[in-house]
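Notes for the one structure printed next.
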Amino acid sequence: MRIDIVTLFPELCDSFLSASILGRARAKNLFEAHCHQIRDYTTNKQKQTDDYPYGGGCGMVLYAQPIADCLRAVQQQCADQGRRKPHVVFLTAAGQPYNEETAKRLAEYDALTLVCGHYEGIDQRVIDAFGDEEISIGDYVLTGGELASLVVADSVLRLQPGVLAEEKGYQDESYWDGLLEYPQYTRPEVWEGRPVPPVLLTGDHQKIDAWRGQQSRTRTRLRRPDLYEQWCDTHPLTPGSWKRNERAALVRTEDQLNAAARVYSESWQQSHQEVCTPEFLAEHTPEAMRQRLDADREAGWAFYLHSTARTPDAIVGVCHKTGEIGRLYVAPAAQNKGIGAKLLEFARKKLPEHPHPTLTVLNTNTRALAFYRRMGWRPTGVEAVYGSDKEAGSAVYCQELKLRYEAQ
Ligand code: SAM
């Protein structure tokens, strides 16, 4: 790949591209980089590169002419090398937001030219005439486009074959698969009283990969819900098939009702820990949950109790009248085994007359929300709002979202 930077500060850009990993790769000719001084292409005697903006306003604007001539020279150099016309990117604060997807896309070009503005910016006419796209590296304003062009150059060049020691190096990193990276640790095993997570010392790579995956997903869900939502939509969950020792039975008998109420109470308390006061949680005893189940059944709901090796460990309810699914709870000890996914699918299939059943979930339960998204459910609105009202048992403000099954 050939990369060209058009700037008022070519030395600054060149020194960055000559250091560290990129510098070594450049010395090995794994890519070619050229930094061009805009001033060298001016046609006026004073070598002036900028002027006052038409229409008034503060600051100066870079002339179109020297940038255009510099870009023509770069085009000619590429043509002389038998390369295609370079893809031209203008770095501007008003450009499209930059991310790893764009880096991957730009990395495919044989020749990429990055143009840096300065002062108040660049005469729009040269952007319109030569620019293939405008990119912003973030929602803030820099004094010049040099740092922005180096951010783009660095993230694109590290994707070129051979630049990083191992290809897996970048495949594991944040954003590659749309998730943030898991936390990293190195020696010593205990630093200032803080031990490395024990799983990393087991040598069991299956367990380590599973732990890292879990960390990546949790971090992304908590830190970047926007990214996590996109990831969930593109990584659907496929429920596994029932194991030999698993059963889901319609709740009919007293024993089944009481077992369902115990599972319901235990997992309800766990999932509402962060949003309810301790007193309110404590009120949700198996007896109280039994009353709720009885009331729901009278209103037309049917419940199914899931057991593994005859131990009740999850429940789900369906309402044929309304097409709702509810009370999907997996006991804490049985979580992360795929039971929730199987039971949700099971409940959905109990409602063939409702192609788009609905359910509700608290917006604070981001784990459950992500789970439903990956199972093909999408939010359609807010069903209820709970204020931070200690009297009513609510410790924080939260919304009960309504979700609808959208997948085929
Ligand atoms: N007047 C411009 C505006 O309000 O959008 C800001 C000009 S800025 C002071 C000077 C130059 O820095 C820009 O022409 C651009 O090349 C670069 N620049 C500033 N912020 C940037 C960002 N977030 N991403 C990419 N380039 C940026």
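The values are calculated or read from the model by the stated rules, or taken from the named source; none is laboratory data. Computed from a predicted structure; not experimentally measured. Cβ atoms come from the backbone with ideal geometry, glycine included; neighbour counts cover every protein chain shown.
Would it be correct to say that Arg290 is crowded, with 18+ Cβ neighbours inside 10 Å and either assigned by TED's automatic domain parsing to the domain that holds Lys337 or within 24 Å of Lys350 (Cβ to Cβ) (or both)? So Arg290 fits the description; yes. The residue pairs whose first member lies in segment 118-144 and is closer than 18 Å to Ala64 by Cβ and touching a residue at least 12 places away in the same chain (Cβ under 8 Å), whose second member is near the ligand (Cβ under 6 Å from one of its atoms) and aliphatic (A, V, I, L, M), and whose beta carbons are closer than 7 Å, counting only pairs six or more residues apart or on different chains, are Glu134/Ala94. For beta carbons closer than 6 Å, sequence separation of 6+ or different chains, a first residue in segment 74-101 that is modelled with pLDDT of 95 or more and a second that is assigned to a helix (DSSP H, G or I) and within 16 Å of the ligand (Cβ to nearest atom), the qualifying pairs are Val88/Phe130; Phe90/Ile127; Leu91/Ala148; Leu91/Ser149. One residue stands out in segment 116-139 among those that are within 11 Å of the ligand (Cβ to nearest atom) and more than 19 Å from Cys58 (Cβ to Cβ): the one that is surrounded by the most Cβ atoms within 10 Å (Cβ to Cβ), namely Cys116. I'd like the full set of residues that are touching a residue at least 24 places away in the same chain (Cβ under 8 Å) and either within 8 Å of the ligand (Cβ to nearest atom) or closer than 28 Å to Leu222 by Cβ (or both), limited to segment 150-173. Within segment 150-173, Val151, Asp154, Ser155, Arg158, Leu159 meet the criteria. Every condition in (1) more than 28 Å from Ala407 (Cα to Cα); (2) at pLDDT 95 or above is met by Val316 except one, and the failing one is (1). When residues in segment 8-56 are screened for being assigned to a strand (DSSP E or B) and either within 16 Å of Gln77 (Cβ to Cβ) or free of Cβ contacts under 8 Å to residues at least 24 places away in the same chain (or both), 7 of them pass.
Of all the listed residues (Thr113, Thr143), the sole one being polar (S, T, N, Q), within 15 Å of the ligand (Cβ to nearest atom), closer than 17 Å to Ile3 by Cβ and at pLDDT 95 or above is Thr113. Scanning segment 360-391 for residues that are touching a residue at least 60 places away in the same chain (Cβ under 8 Å) and not β-branched (Val, Ile, Thr) gives Leu362, Asn365, Arg367, Ala368, Ala370, Phe371, Arg373, Arg374, Met375, Gly376, Tyr386, Lys390. Residues in segment 84-110 that are under 17 Å from His36 (Cα atoms), away from the ligand (no atom under 13 Å from the Cβ) and either touching a Lys or Arg at 6+ places or on another chain (Cβ under 6 Å) or assigned to a strand (DSSP E or B) (or both): 2 in all.
Quick grid of which residues meet (1) closer than 23 Å to Ile135 by Cβ; (2) surrounded by 19 or more Cβ atoms within 10 Å (Cβ to Cβ):
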site	(1), (2)
Asp4	yes, yes
Thr7	yes, yes
Ala79	no, no
Lys85	yes, no
Arg105	yes, no
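Please verify whether Asp50 is among the charged types (D, E, K, R) and crowded, with 17+ Cβ neighbours inside 10 Å, treating the condition exactly as stated. Yes, satisfied. Residue count for segment 349-406 satisfying the condition of being under 14 Å from His272 (Cα atoms), part of a loop (DSSP other than H, G, I, E, B) and among the aliphatic types (A, V, I, L, M): 2.
Tell me yes or no: at least one residue of segment 214-232 is surrounded by 15 or more Cβ atoms within 10 Å (Cβ to Cβ), touching a His at 6+ places or on another chain (Cβ under 9 Å) and not charged (D, E, K, R). Within segment 214-232, not a single residue is surrounded by 15 or more Cβ atoms within 10 Å (Cβ to Cβ), touching a His at 6+ places or on another chain (Cβ under 9 Å) and not charged (D, E, K, R).
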